[in-house]
Amino acid sequence: MKTFYDIILDVSNLRWSIVDPEPASFEDVQKAVKLAIPQAHSYIWNLQDFFFKERKTVITLNAGENAFLSPSGTVKQIWINGDDHYLTEFENSEDVDFLESKSGQPTQYWVEMGDEGPVVRLYPMPEKPVQVFVRYDTSMKAKTADGREKANFEAMDDVLNLPDDPVLQDLYLHCLNTKAMVYLVADETDENYKPYQREFEEAYRSLLKYRTTMTERRFVI
């Protein structure tokens, strides 16, 4: 998979590029390029609930524990191991009487901000140890060279947080490169702005078509 530096070089060498096409090193890359690519990546990543963003994690809670740090992303579904239904999201957590919270098998959840970040809370309080499954869309858009997920590109050897699917990666990179150029050109009156914006829109439509095909295939299986 291409690294952040590989992507920088690709973007820098696109037609009508306004930046240095042959930087001597990562440190010599213009700041505008280092900012435009992560910006474009964030923009594309947040446009859809893409199938490749979906993750699942398992948390074990002891009896009397009802809270855990939310995974980095948007919670989609929560269920308890052994149950055949998803927990429903509590509309107004202020309606819960924390002092007289009843115990039992959790049926609801809500997310609130804690000192260390978003926290998921379950209601009622588990009366016995439970395994909690959480399906979510990750907001971690990149990975380090050793595979650790991170928020976005920073280091030269960071890579996209995508499955090992060459077709998907190619489609996504087409979107990323062209949108980065849109940000680099910036001026809508520039003669190169509209061509790159148009190419991005075409690339994005192709990515969406692949998303639909893959989603349908997953449900068939």
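The values are calculated or read from the model by the stated rules, or taken from the named source; none is laboratory data. On a predicted model such as this, the values are computed, not experimentally measured, just so you know. When we count neighbours, we look across all protein chains shown, and the Cβ atoms used for this are built from the backbone with ideal geometry, even at glycine. The area values use the complete protein model at the heavy-atom level, side chains included, leaving out ligands, DNA and RNA. Shrake-Rupley method; radii C 1.70, N 1.55, O 1.52, S 1.80 Å.
Can you find a residue that is at pLDDT 95 or above and within 19 Å of residue 140 (Cβ to Cβ) anywhere in the stretch 5-23? There is at least one residue in the stretch 5-23 that is at pLDDT 95 or above and within 19 Å of residue 140 (Cβ to Cβ). Filtered by the rule that a residue be open to solvent by 60 Å² or more (accessible area, probe 1.4 Å) and in contact with a Ser or Thr (Cβ under 9 Å, 6 or more places away or on another chain), the stretch 6-20 gives a lone residue, 20. Of the residues making up the stretch 53-66, those that are modelled with pLDDT of 95 or more, open to solvent by less than 50 Å² (accessible area, probe 1.4 Å) and over 13 Å from the mean Cα position of the chain (by Cα) are 57, 59, 61. Under 25 Å from residue 125 (Cβ atoms), surrounded by 14 or more Cβ atoms within 10 Å (Cβ to Cβ) and of a type outside the set (Phe, Trp, Tyr): is that true of residue 69 in this structure? When the stated conditions are applied, residue 69 does not pass them.
Number of residues in the stretch 1-20 that are in contact (Cβ under 8 Å) with a residue 24 or more places away in the chain and not in a helix (DSSP H, G or I): the value is 8. When restricted to residues that are open to solvent by 100 Å² or more (accessible area, probe 1.4 Å) and either touching an Asp or Glu at 6+ places or on another chain (Cβ under 6 Å) or modelled with pLDDT under 85 (or both), the stretch 80-115 contains 8. Tell me yes or no: at least one residue of the stretch 146-160 is open to solvent by less than 40 Å² (accessible area, probe 1.4 Å), assigned to a helix (DSSP H, G or I), of a type in the set (Phe, Trp, Tyr) and at pLDDT 95 or above. The answer is no, given that none of the residues of the stretch 146-160 is open to solvent by less than 40 Å² (accessible area, probe 1.4 Å), assigned to a helix (DSSP H, G or I), of a type in the set (Phe, Trp, Tyr) and at pLDDT 95 or above.
In the stretch 21-52, which residues are touching a Phe, Trp or Tyr at 6+ places or on another chain (Cβ under 7 Å) and either open to solvent by 30 Å² or more (accessible area, probe 1.4 Å) or among the charged types (D, E, K, R) (or both)? Residue satisfying the conditions is 39 alone.
Within the stretch 50-75, residues that are on the phi > 0 side of the Ramachandran plot sit with their Cβ atoms under 9 Å from residues that are of a type in the set (A, V, I, L, M) and modelled with pLDDT under 95, at 6+ positions apart or across chains, in these pairs: 64/125.
Once the stretch 24-46 is narrowed to residues that are of a type in the set (A, V, I, L, M) and in a helix (DSSP H, G or I), the residue that is farthest from residue 140 (Cα to Cα) is 32.
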